[in-house]
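A quick write-up on the structure given underneath.
The values are calculated or read from the model by the stated rules, or taken from the named source; none is laboratory data. Source: prediction; values computed, not measured. Note that we place each Cβ from the backbone using ideal geometry, even for glycine, and neighbour counts take in every protein chain shown.
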Amino acid sequence: MSSRIALAPFLKDCAPVLTLGIRPCIHDYSPAERDLMRNAERIFFPTRRYVDVFEAASKPTFPSPSCHRYSRSRVLQAQLFQNLSWPAARTRLYFGSRQKKRILEDFEPPFDALTPDTRQPRLKRIEAPGDLEPILDTCSPLLIREVLPWEDRMRLISLHDECIAAQKWTAEGDIIGWRPFTPCPEAGLARLLSLQRQLTRMASLDDIAIEWGFLGGRWHFIEMTPPPLHIQACGHTINRHAYICDVIARGDL
């Protein structure tokens, strides 16, 4: 009987894990499969459909419930960092037409208009007051985030309390996007790695990508997102699912 069960098929080729697949509801699993889930040490990739069910039953999952919530919600991220009082790009939420009328009183362009879901790109970079009106009714809440002149931007990808990749934002000529940080993380990012580790442990974030911006001598939080499957790291490419399988096989997860 396997003590490690997966629902989503991301680990179907991982020998230490038995993958059951995603069914419409719990009763679509056989009694034997439900027994496997109840007795499993951990359930991998439960998806949003079941992660809250397993959390209520005190069943550990990977990714954690916190990852499912925070990596997808800009609303929760903004509230978390406002509560922590950590350096972060100023962000406010606006519900309904009455609140949205105050945006230009609270923020001076340029600023970013964002949806609550991190899986969707920003709605628009607001460069002038007239840019805002066409998108006011696009979503609620509407998130507004200040645009800061970052001296540097980094994305750190963490898996099970370990930073597995550091990437630097590049926007030069034809090269736009995240590129592996060189030299490797340990060589120049000690303070940022410490911040990342502190945050992931505090909030139980075991499978996450976090973007940071450097300005005025300190690192600011920008945004969390679900990590990509293929990760460009220092000198090599990581298949995240294969990496997770290796961690499980070592007995570390």
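Do you know which of the residues in segment 218-241 that are within 12 Å of residue 180 (Cα to Cα) and touching a residue at least 40 places away in the same chain (Cβ under 8 Å) is surrounded by the most Cβ atoms within 10 Å (Cβ to Cβ)?
Of everything passing the filter in segment 218-241, 231 is surrounded by the most Cβ atoms within 10 Å (Cβ to Cβ).
Of 52, 13, 28, 35, which residue is surrounded by fewer than 19 Cβ atoms within 10 Å (Cβ to Cβ), acidic (Asp, Glu) and within 19 Å of the chain's Cα centre (by Cα)?
Just one listed residue meets the conditions, 52.
Where in segment 197-240 are the strands (runs of 3 or more DSSP E), entirely inside, with at least 2 residues that are touching a strand residue (DSSP E or B) at 6+ places or on another chain (Cβ under 9 Å) and acidic (Asp, Glu)?
Those strands (runs of 3 or more DSSP E) span 207-215.
A quick yes/no check of all residues on (1) at pLDDT 95 or above; (2) among the aromatic types (Phe, Trp, Tyr); (3) under 24 Å from the mean Cα position of the chain (by Cα):
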| residue | (1), (2), (3) |
| --- | --- |
| 72 | no, no, yes |
| 79 | no, no, yes |
| 82 | no, no, yes |
| 95 | no, yes, yes |
| 98 | no, no, no |
| 106 | yes, no, no |
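Would segment 159-175 turn up any residue that is surrounded by 14 or more Cβ atoms within 10 Å (Cβ to Cβ), of a type outside the set (Gly, Ala, Ser) and not in a strand (DSSP E or B)?
Within segment 159-175 (the criterion being surrounded by 14 or more Cβ atoms within 10 Å (Cβ to Cβ), of a type outside the set (Gly, Ala, Ser) and not in a strand (DSSP E or B)), the answer is yes, since at least one residue qualifies.
Which of the residues that make up segment 123-171 are among the acidic types (Asp, Glu), modelled with pLDDT of 95 or more and within 30 Å of residue 244 (Cα to Cα)?
Matches in segment 123-171: none.
Among the residues of segment 111-119, is any closer than 23 Å to residue 203 by Cα, touching an Asp or Glu at 6+ places or on another chain (Cβ under 8 Å), modelled with pLDDT under 95 and buried (at least 17 other Cβ atoms within 10 Å of the Cβ)?
Taking every residue of segment 111-119 in turn, at least one turns out to be closer than 23 Å to residue 203 by Cα, touching an Asp or Glu at 6+ places or on another chain (Cβ under 8 Å), modelled with pLDDT under 95 and buried (at least 17 other Cβ atoms within 10 Å of the Cβ).
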